[in-house]
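Accompanying notes for the structure given below.
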């Protein structure tokens with residue numbers, strides 16, 4: 001690659017993959033997505049624990065297990081639960097529950113239309129997100145490719161459609177958003193006051209093959225969530241919010257060879273932490289059931305069947321205080337815009353936010369200054385790293401002045417979105433399965 005001329009190699013590889021797909025071979029796209037999703041893995045490593053073959057019986061026993069004991073989590077039908085009762089019994093005290101029958105009672109078209117087969121046929125040529133690469137960029141597959149993968153995959157923890165954009169086309173997004181509605185139990189969406197631009201991800205459509213799922217986590221910014229399962233069954237485990245991170249994530253019982261994917265959690269890690277006295281709540285979510293997950297609860301979710309679900313995180317009248325306290329610290333730039341929007345559209349909510357700042361002696365201006373300085377240092381380090389890579393590739397042909405000018409122009413064009421990046425090291429909400 002003399003003179004840094006690597007583009008012909010990239011173009012040749014792309015032509016090879018495109019030709020394979022034209023010949024009806026979808027496997028190269030799946031392999032490419034896997035390499036990006038877990039760059040530390042070889043393709044063989046995706047089955048190294050044997051949950052889809054040698055240890056398949058263990059998974060099947062878990063999948064066949066019922067929801068015992070029956071009262072492990074409250075289950076109530078939407079016909080028998082008013083909004084006020086839900087708030088009083090579950091949302092305000094922060095207790096999870098399962099609500100049955102919402103899609104049917106509230107007339108969702110998704111109740112009949114959303115199965116994995118139907119969605120993959122309707123949106124066959126539309127790319128949906130199945131993961132993120134090492135740089136945080138989305139990894140996408142067309143649903144016809146993903147459908148072929150689902151048919152015979154034996155991966156321990158398969159690729160999983162989990163898309164906050166509802167597909168890569170305006171048409172798919174509009175159609176899917178019209179086919180379900182936010183359940184009447186969750187009427188508030190205070191984050192919407194800031195507009196969609198720069199808002200943290202908050203809603204997802206999920207198509208999960210058997211054994212797929214999400215790792216043990218808490219949802220970002222202490223948001224609460226609802227998750228409606230439309231096809232298949234999901235197995236959940238919850239751990240109370242006050243349990244320390246290293247305990248909830250089983251770090252204290254993990255061996256060097258262990259992974260923390262959902263299937264590993266349920267088959268290997270949960271028995272160990274229970275043996276150490278950690279209390280968990282485990283149950284099965286069935287089609288047509290909606291789980292309410294209060295903010296702060298640890299949770300891990302495993303798809304024991306091929307599943308389809310829709311989920312949203314939210315901030316409302318009963319959980320606003322904790323979310324505002326988290327947002328002003330973890331997303332200070334966005335929080336500044338959020339409170340400005342509150343003052344224009346819902347001043348009574350802005351008053352609450354200001355009072356919380358006063359009670360906590362919280363200085364937003366100081367944090368914004370500190371965050372701006374940190375962002376500037378990070379941007380400078382990123383520029384220097386990129387410059388070194390560009391100089392190495394171009395060799396003697398490198399024009400540093402021209403390169404830096406182009407780099408700055410590119411950074412300036414995306415600076416607004418970059419400034420909303422969370423200052424915390426917690427996983428983004430796009431990783432959450434309250435969420436799955």
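The values are calculated or read from the model by the stated rules, or taken from the named source; none is laboratory data. It should be emphasised that the depicted structure is a prediction, and the values quoted were computed from it without experimental measurement. Here the Cβ positions follow ideal geometry from the backbone for every residue, glycine too, while neighbour counts run over all protein chains shown.
Considering the range 365-387 alone, what residues qualify as being surrounded by 13 or more Cβ atoms within 10 Å (Cβ to Cβ) and in contact (Cβ under 8 Å) with a residue 40 or more places away in the chain?
Correct list: 371, 375.
Among the residues of the range 414-432, is any in contact with a strand residue (DSSP E or B) (Cβ under 7 Å, 6 or more places away or on another chain), assigned to a helix (DSSP H, G or I) and modelled with pLDDT under 70?
Scanning the range 414-432 turns up at least one residue that is in contact with a strand residue (DSSP E or B) (Cβ under 7 Å, 6 or more places away or on another chain), assigned to a helix (DSSP H, G or I) and modelled with pLDDT under 70.
Restrict the check to the range 147-165 and report whether at least one residue is touching a helix residue (DSSP H, G or I) at 6+ places or on another chain (Cβ under 9 Å) and without any contact (Cβ under 8 Å) to a residue 40 or more places away in the chain.
Yes, the range 147-165 contains a residue that is touching a helix residue (DSSP H, G or I) at 6+ places or on another chain (Cβ under 9 Å) and without any contact (Cβ under 8 Å) to a residue 40 or more places away in the chain.
Test residue 191 against the criterion of being closer than 22 Å to residue 286 by Cα, in contact with a helix residue (DSSP H, G or I) (Cβ under 8 Å, 6 or more places away or on another chain) and at pLDDT 95 or above, and give yes or no.
Spelling it out, it is not the case that residue 191 is closer than 22 Å to residue 286 by Cα, in contact with a helix residue (DSSP H, G or I) (Cβ under 8 Å, 6 or more places away or on another chain) and at pLDDT 95 or above.
Filter the range 272-292 down to the residues that are more than 25 Å from residue 226 (Cα to Cα) and in contact (Cβ under 8 Å) with a residue 40 or more places away in the chain and list them by number.
Matches in the range 272-292: none.
In the range 130-143, is there at least one residue being over 22 Å from the mean Cα position of the chain (by Cα) and at positive phi? Please lay out each step first, then the result.
Of the range 130-143, the ones over 22 Å from the mean Cα position of the chain (by Cα) are none.
Looking through the range 130-143, none of the residues is over 22 Å from the mean Cα position of the chain (by Cα) and at positive phi.
Of the residues 335, 390, 406, only one is over 30 Å from the mean Cα position of the chain (by Cα), at pLDDT 70 or above, buried (at least 17 other Cβ atoms within 10 Å of the Cβ) and within 30 Å of residue 129 (Cβ to Cβ); which?
Testing whether each residue is over 30 Å from the mean Cα position of the chain (by Cα), at pLDDT 70 or above, buried (at least 17 other Cβ atoms within 10 Å of the Cβ) and within 30 Å of residue 129 (Cβ to Cβ) leaves just 390.
When you scan the range 58-140 for helices (runs of 4 or more DSSP H) that lie fully inside it, which ones turn up with 2 or more residues that are crowded, with 18+ Cβ neighbours inside 10 Å?
In the range 58-140, 102-105, 110-113, 116-122 are the helices (runs of 4 or more DSSP H) which contain 2 or more residues that are crowded, with 18+ Cβ neighbours inside 10 Å.
Has the range 363-377 got any residue that is at pLDDT 90 or above and either under 30 Å from residue 308 (Cα atoms) or outside any helix (DSSP H, G or I) (or both)?
yes
Applying the selection to the range 141-167, what residues are part of a helix (DSSP H, G or I), touching a strand residue (DSSP E or B) at 6+ places or on another chain (Cβ under 7 Å) and under 15 Å from residue 36 (Cβ atoms)?
If the condition is that a residue be part of a helix (DSSP H, G or I), touching a strand residue (DSSP E or B) at 6+ places or on another chain (Cβ under 7 Å) and under 15 Å from residue 36 (Cβ atoms), then 146 is the only one that fits.
Within the range 1-52, track down each residue that is modelled with pLDDT of 95 or more, out of contact with any helix residue (DSSP H, G or I) (no Cβ under 8 Å at 6 or more places or on another chain) and closer than 16 Å to residue 141 by Cα.
Selection gives 33, 36, 37.
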